[in-house]
Structure formats: C-alpha cells, structure tokens
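> Here you go, one structure.
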Amino acid sequence: MVVPYKILAPVKDRKKEYRFTAPVAHLLALVSDQERRVILETKIYCRSLIRYIPWFRTSKGGGAITFANRRWRSITYTENFFSNDLSRFGEKAYGNDTMAWLHLSAHEVGHIKHGFKYGSLLIYLIAFIFQYIRFGHGAAPLEIEADQGSNTLMRWHNYLKINSLGDIVSLLQSDQQDEVIIAVLDTWWEAFQCDLNSQA
C-alpha cells in the first residue's frame, strides 16, 4: 500500500488511518469553501474488508465515499488510490497521481457540508439514497453541488497554467515548508479570484 506523497499523513498510533496534510487541506478549503479545520480533522481510509464501501469498481477508476455529521467525518477511497501497481490497476493506479487525488478530494469534501446540513448520519444517507433513486448518481443535486469544488480546482489549475504563474502539483510536492506552500497557494488563489471578478 502506498501513502500518497505530500497528500496524506498517517495519524499517530492509528493504523491505516490518515489525514490530509496542512497544505492540501488548505487548498481543498479554498476550492470547496469548507472550513480548513474541519478538513484537517477528517479521517481518511483505504477501502478494505472492514470498510467495504464505496462499491465503485477500480477498473472504472474507483472513487470514494464521505460519511459526515456535525461531530465527525471520514472519507474512504478505493484501493487504486493507494497503489502504484500497474499490473493490477493499469492506468487507474493513482497512488502518486496528485491531481487525481486533489480532483476527487475536492468533490468529496463538498459532501462534508451536507453532513453539517442534515446533522444526523442517517438523514444524510437517506437524502443521498432518495436523490440517487430519483435522479441517478451523476444528476443528484447533492452530487452536482459537491462537483463545484472539483470544477473550481480545475479552473484554477488551468488559469495558473495558461498564465504561467505556477503549478499546483509541483508546489505541493516541493520541499518547502508548509507555511510557505500555503502562502503561495493564497497568492495564486487571490490572483485567480481577481481574474474571475474582472470577468464578472
């Protein structure tokens, strides 16, 4: 099992439990409009015999599922996100694919808001199940709302690339201190927001 480089950090004394690193949590907070502290406290797991959901097939790219209420939250990813084994997962082995991790995570942390909204995990799950039955997974309003985070991430990423301002992946993988990385992210985010405002 591969722990994604500079994306996750193991939780001390908790086997196979992880949390997002501070720079990644900060980035996800920017694109999802979710509180950074809440993202930092979110527990991250790899799917296993005990944590057997999500049911997404790794051959199709896998995925993740978020459970949340007002007191706790967790995200469980399929095994291919913790592996570089091309013989097993082919091009879907995302163990060190930083952008794949960021794109999916920007969507998943959007569901944390839904956990706060519904309060109870049971009501949270019922709301999702109802929408999946009525609209289908991709067209469910809660899924579309969560997509705002991943969509914003990609627009920001493309803005930086087009304007030759920097690269998010290279920055996160650099050896700079967390505080420096976060400061650079803030500078890039401010430039992106100013560009959006100028187009409004």
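> For segment 149-200, what are the residues that are hydroxyl-bearing (Ser, Thr, Tyr) and touching a Phe, Trp or Tyr at 6+ places or on another chain (Cβ under 8 Å)?
Tyr159
> Further question: Could you check segment 4-26 and list, in sequence order, the residues that are over 19 Å from Gly95 (Cβ atoms) and either part of a helix (DSSP H, G or I) or within 14 Å of the chain's Cα centre (by Cα) (or both)?
Across segment 4-26, the qualifying residues are Ala22, Ala25, His26.
Each row is one residue, and each column tells you yes or no for (1) closer than 20 Å to Asn151 by Cβ; (2) at pLDDT below 95.
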position	(1), (2)
His26	yes, no
Val31	yes, no
Cys46	no, no
Trp55	no, yes
Thr58	no, no
Gly95	no, no
His114	yes, yes
Leu122	no, yes
Tyr132	no, yes
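> Aliphatic (A, V, I, L, M) and within 14 Å of the chain's Cα centre (by Cα) - does that describe any residue in segment 51-64?
yes
> Right, something else. Anything in segment 158-200 that is part of a loop (DSSP other than H, G, I, E, B) and among the polar types (S, T, N, Q)? List them, or say none.
Passing the criteria: Asn163, Ser164, Ser174, Gln176, Gln177.
> Which ones in segment 124-144 are surrounded by 14 or more Cβ atoms within 10 Å (Cβ to Cβ) and under 21 Å from Trp72 (Cβ atoms)?
Tyr124, Ala127, Phe128, Leu142
> Picking from Gly62, Gly119, which residue would you name as being on the phi > 0 side of the Ramachandran plot and surrounded by fewer than 17 Cβ atoms within 10 Å (Cβ to Cβ)?
Checking each option against the conditions leaves just Gly119.
> Does Arg37 satisfy the condition of being of a type outside the set (Gly, Ala, Ser), surrounded by fewer than 20 Cβ atoms within 10 Å (Cβ to Cβ) and either within 13 Å of Ser105 (Cα to Cα) or more than 17 Å from the chain's Cα centre (by Cα) (or both)?
No; evaluated as a whole, the condition is false for this residue.
> When only residues in segment 129-157 that are without any contact (Cβ under 8 Å) to a residue 12 or more places away in the chain and part of a loop (DSSP other than H, G, I, E, B) count, which is farthest from Phe56 (Cα to Cα)?
The selected residue is Ala139.
> Continuing with the same structure: Please state which one of Leu153, Leu165, Leu185 is surrounded by fewer than 18 Cβ atoms within 10 Å (Cβ to Cβ) and among the hydrophobic types (A, V, I, L, M, F, W, C).
Details: Leu153 fails: surrounded by fewer than 18 Cβ atoms within 10 Å (Cβ to Cβ); Leu185 fails: surrounded by fewer than 18 Cβ atoms within 10 Å (Cβ to Cβ).
On inspection, the qualifying residue turns out to be Leu165.
> Which of the residues that make up segment 65-114 are over 21 Å from Gln173 (Cβ atoms), surrounded by fewer than 20 Cβ atoms within 10 Å (Cβ to Cβ) and among the hydroxyl-bearing types (Ser, Thr, Tyr)?
Ser74, Ser87
> Now, a different point. Scanning segment 149-198 for residues that are touching a Pro at 6+ places or on another chain (Cβ under 8 Å) and β-branched (Val, Ile, Thr), which turns out nearest to Ala29 (Cα to Cα)?
Filtering segment 149-198 for residues that are touching a Pro at 6+ places or on another chain (Cβ under 8 Å) and β-branched (Val, Ile, Thr), the one nearest to Ala29 (Cα to Cα) comes out as Ile182.
> For segment 40-61, what are the residues that are part of a helix (DSSP H, G or I) and either closer than 13 Å to Thr76 by Cβ or among the hydroxyl-bearing types (Ser, Thr, Tyr) (or both)?
Within segment 40-61, Thr58, Ser59 meet the criteria.
The values are calculated or read from the model by the stated rules, or taken from the named source; none is laboratory data. Nothing here was measured: the structure is a model prediction, and the numbers come from that model. Using ideal geometry, Cβ is built from the backbone for each residue, glycine included, and neighbour counts are taken over all protein chains shown.
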